1. Filter the stretch 159-192 down to the residues that are under 16 Å from M124 (Cβ atoms) and either of a type in the set (D, E) or not in a helix (DSSP H, G or I) (or both) and list them by number.
2. Checking the conditions here, which among T72, T63, T5 is among the polar types (S, T, N, Q), at pLDDT below 85 and within 22 Å of Q161 (Cα to Cα)?
3. So which residues in the stretch 213-256 are more than 20 Å from L187 (Cβ to Cβ), in contact with a helix residue (DSSP H, G or I) (Cβ under 9 Å, 6 or more places away or on another chain) and not in a helix (DSSP H, G or I)?
4. Just the residues that are aliphatic (A, V, I, L, M), touching a helix residue (DSSP H, G or I) at 6+ places or on another chain (Cβ under 6 Å) and within 17 Å of I81 (Cα to Cα), please, taken from the stretch 24-50.
5. Could you tell me which numbered condition A151 fails, if it satisfies all but one of (1) within 15 Å of the chain's Cα centre (by Cα); (2) over 30 Å from E256 (Cα atoms)?
6. Among the residues of the stretch 64-78, write down those that are in a helix (DSSP H, G or I), farther than 15 Å from V171 by Cα, of a type outside the set (D, E) and touching a residue at least 12 places away in the same chain (Cβ under 8 Å).
7. Can you name every residue in the stretch 19-63 that is in a loop (DSSP other than H, G, I, E, B) and within 22 Å of the chain's Cα centre (by Cα)?
8. Can you confirm whether T69 is within 26 Å of P223 (Cα to Cα), outside the structural domain of A225 (by TED's automatic domain parsing) and not hydrophobic (A, V, I, L, M, F, W, C)?
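The values are calculated or read from the model by the stated rules, or taken from the named source; none is laboratory data. All values reported here derive from a predicted model rather than from experimental measurement. Virtual Cβ from ideal backbone geometry, glycine too; neighbours counted across all protein chains shown.
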Amino acid sequence: MITPTPEDEAALDATKAPLMEHLLELRTRLIWAVLSFALCFIICFAFARQIFDFLIVPLHAATNHLIYTALTEVFFTYVKIGMFGGICLGFPAIAAQIWIFVAPGLYKHEKRAFLPFLAWTPVMFLMGAAFVYYVMLPFSIKFFGSYQIAATASTMGVELQAKVSDYLDLVMTLIFAFGLTFQLPVLLSLLGKVGIVTTKALRDMRKFAYVGLFGVAAVFTPPDAFSMLCLAFPLVALYEVSVFCVMMIERNRAREDAARAAKDLVAP
């Protein structure tokens with residue numbers, strides 16, 4: 001852990017303000033965050049059809065059409081797409097507002113430590129979403145779509161009739177589930193940076209973590225083994241990546257502490 005310098009303490013004291021000022025600042029940040037989401041929602045809703053066409057590409061392997069059974073189903077599906085896109089597209093602006101509110105209460109070294117993790121959050125979310133779209137969905141749809149039976153003179157056919165809202169709900173759930181769970185290296189690295197977790201602790205609890213990650217995968221994915229394994233195995237790999245990241249953080253901290261100790265020894 002890095003001990004704040006007197007200059008850091010003075011800089012932090014300079015940002016102190018009455019509670020009412022903090023509440024007014026929080027209100028301002030919330031207003032800007034809501035406006036950012038609203039603007040992104042409008043943009044995504046305007047292009048909802050194009051976004052939906054992109055999301056249903058993996059489904060073409062199993063069927064060439066979708067159905068809807070309620071008069072307003074397609075409209076509200078586009079509204080969901082607008083909200084889904086608004087959250088994803090507006091995340092950088094929303095995160096920036098959170099950072100503007102929180103940053104004055106952090107020491108300078110805490111700001112330098114936190115910013116890289118904040119930048120990696122959308123990157124890891126996009127990686128999780130890309131994994132769903134380009135890997136999991138095509139294989140899942142191809143597998144489950146293979147149970148269709150073509151109708152013949154003596155056999156009744158079995159055809160997939162996918163609903164618009166059901167398919168979109170599945171895709172959005174998977175994207176959010178994978179996007180959030182792919183934050184594991186970011187979370188554990190941040191905890192390692194502040195000294196809450198260590199490489200030794202992560203290694204000692206590895207077998208328990210694996211069980212927990214398989215449980216998380218079972219909760220966040222549809223009730224089939226293939227979907228669960230598609231999330232569980234990447235999570236296990238990301239856990240090992242997290243162990244490596246925490247190990248590198250500890251090595252860098254040890255070198256910095258050694259350099260600081262050597263500097264203190266030669267200082268008059």
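1. Selection gives F182, Q183.
2. After applying the criteria, what remains is T63.
3. Across the stretch 213-256, the qualifying residues are P222, D224.
4. Matches in the stretch 24-50: A48 only.
5. Result: A151 passes all but (1).
6. Within the stretch 64-78, V74, F76 qualify.
7. I56 - this is the single residue of the stretch 19-63 that is in a loop (DSSP other than H, G, I, E, B) and within 22 Å of the chain's Cα centre (by Cα).
8. For T69, the condition - within 26 Å of P223 (Cα to Cα), outside the structural domain of A225 (by TED's automatic domain parsing) and not hydrophobic (A, V, I, L, M, F, W, C) - is met.
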